[in-house]
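The values are calculated or read from the model by the stated rules, or taken from the named source; none is laboratory data. Please read these numbers as outputs of a predicted model, since none were measured by experiment. Positions of Cβ are generated from backbone atoms using ideal geometry, with glycine treated the same way; all protein chains shown enter the neighbour counts.
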Amino acid sequence: MAFDPNGKVVAILGATGVVGAQMMQCLEERNFPIKELVLLASARSAGKTINFIGQQIVIREATPEAFEGVDIVLGAAGDEQAKELLPEAVKRGCVCVDNSHAFRMDPDVPLVIPEINAEDIKGHNGIISNPNCATIIGLVPLYPLHKVAGAKRIIASTYQAASGAGLPGLTSLKNQMADVVAGRKVTETTPFAYQLAVNLIPQIGGFDEVGYTSEEMKMQNEGRKIMHLPELRVNCTCVRVPIMRSHSESITVEFERPLSPNEARAILEDAPGIKVVDNPAELQYPMPLDTSDQDLIYVGRIREDLSADKNTNALTFFCCGDQIRKGAATNAVQIAEYLL
């Protein structure tokens, strides 16, 4: 890949974070036509350099003025910075694809998974939101089944990697594991509420008044918006697990119409962004280790829901995907490709 004089001026807001770095890699891998790459981060990172396709690019401080002359902004910053800066970018003529939660439920902002609702991109007013990583990983395989059989109700449990909490989460788990292996007491658990090494934490985000976490509510509300199903019944439990990368999900779906496991496999085999790994007799099923650092969502353990009554059409499946790539950076770059 080389810079393209006929390409776009692309800015990455939050370029020094895990997702920002992955966005750069995805832009290069997908040969995105870039005339100039602008890297934006905090004042303390300004002046440092990052290598991109053989060139050292100087990081600039993220200010409203930094968006002058930029065509497309890929947002990899936190909610507050996104709320502050992306409207300023839009005023300066940019189209922003934002990975934060800041604008996802705004009725005037499209929330997009390209394999599902790419047509919603056309309705943007300068900002397009990237969904939550766990939402993307679950809906990419669920939606093709919904198109055939009509989803009525979804029950999901997620098993989310430490790097879903960013570089601090990844570093914390590595340090905790080193302590455990060395026989030392784990004393530092930030950003997690408890020790994650050799443990599970059934909390991602803060709790609301009825006992659901913000991550669980993101998945439920975002799925309804993306699928244009405001009445869809959804219930989620989100769990942080002690692995480095890739989220996993167990999903049970009740459908309007009958759908057998074999029919579901055939549908998923032909669906975009999916690899079916479903041969239990040969111990073949999705695992996070296999899905890390690539863009496909692996789907398997496709089976009937034995708890459903005889008049209910329901299936259960297990899926895994890299939450930093397809769950964040790749999805954002895919959206940006529709803006070319």
Exercise. Kindly indicate which of 102, 161 is at pLDDT 95 or above, buried (at least 20 other Cβ atoms within 10 Å of the Cβ), under 18 Å from the mean Cα position of the chain (by Cα) and not assigned by the TED database to the domain that holds residue 272.
Key: 102
Quiz item: Somewhere in segment 279-295, is a residue at pLDDT 95 or above and closer than 23 Å to residue 152 by Cβ?
Solution: no
Quiz item: residue 166 fails exactly one of the following numbered conditions: (1) within 14 Å of the chain's Cα centre (by Cα); (2) at pLDDT 95 or above; (3) over 23 Å from residue 315 (Cβ atoms). What is the number of that condition?
Solution: (2)
Self-check item: Checklist (1) closer than 15 Å to residue 329 by Cα; (2) in contact (Cβ under 8 Å) with a residue 60 or more places away in the chain; (3) outside the structural domain of residue 189 (by the TED database) applied to residue 121, failing item
Solution: (1)
Practice problem: Confirm whether residue 167 is of a type outside the set (Phe, Trp, Tyr), under 19 Å from residue 298 (Cβ atoms) and assigned by the TED database to the domain that holds residue 308. | Solution: no
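Okay, residues lined up against (1) in contact (Cβ under 8 Å) with a residue 40 or more places away in the chain; (2) surrounded by fewer than 20 Cβ atoms within 10 Å (Cβ to Cβ):
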residue	(1), (2)
15	yes, no
37	no, no
43	no, yes
75	yes, no
81	yes, yes
Quiz item: What's the number of the condition residue 125 fails, among (1) buried (at least 16 other Cβ atoms within 10 Å of the Cβ); (2) farther than 19 Å from residue 229 by Cα?
Solution: (1)
Quiz item: For segment 13-27, what are the residues that are in a helix (DSSP H, G or I), out of contact with any helix residue (DSSP H, G or I) (no Cβ under 7 Å at 6 or more places or on another chain) and either among the β-branched types (Val, Ile, Thr) or farther than 18 Å from residue 61 by Cα (or both)?
Solution: 25
Quiz item: Residues in segment 239-249: is at least one surrounded by fewer than 20 Cβ atoms within 10 Å (Cβ to Cβ) and of a type in the set (Ser, Thr, Tyr)?
Solution: no
Quiz item: residue 151 is checked against (1) in contact with a Phe, Trp or Tyr (Cβ under 9 Å, 6 or more places away or on another chain); (2) surrounded by fewer than 18 Cβ atoms within 10 Å (Cβ to Cβ) and fails just one. What number does that condition carry?
Solution: (2)
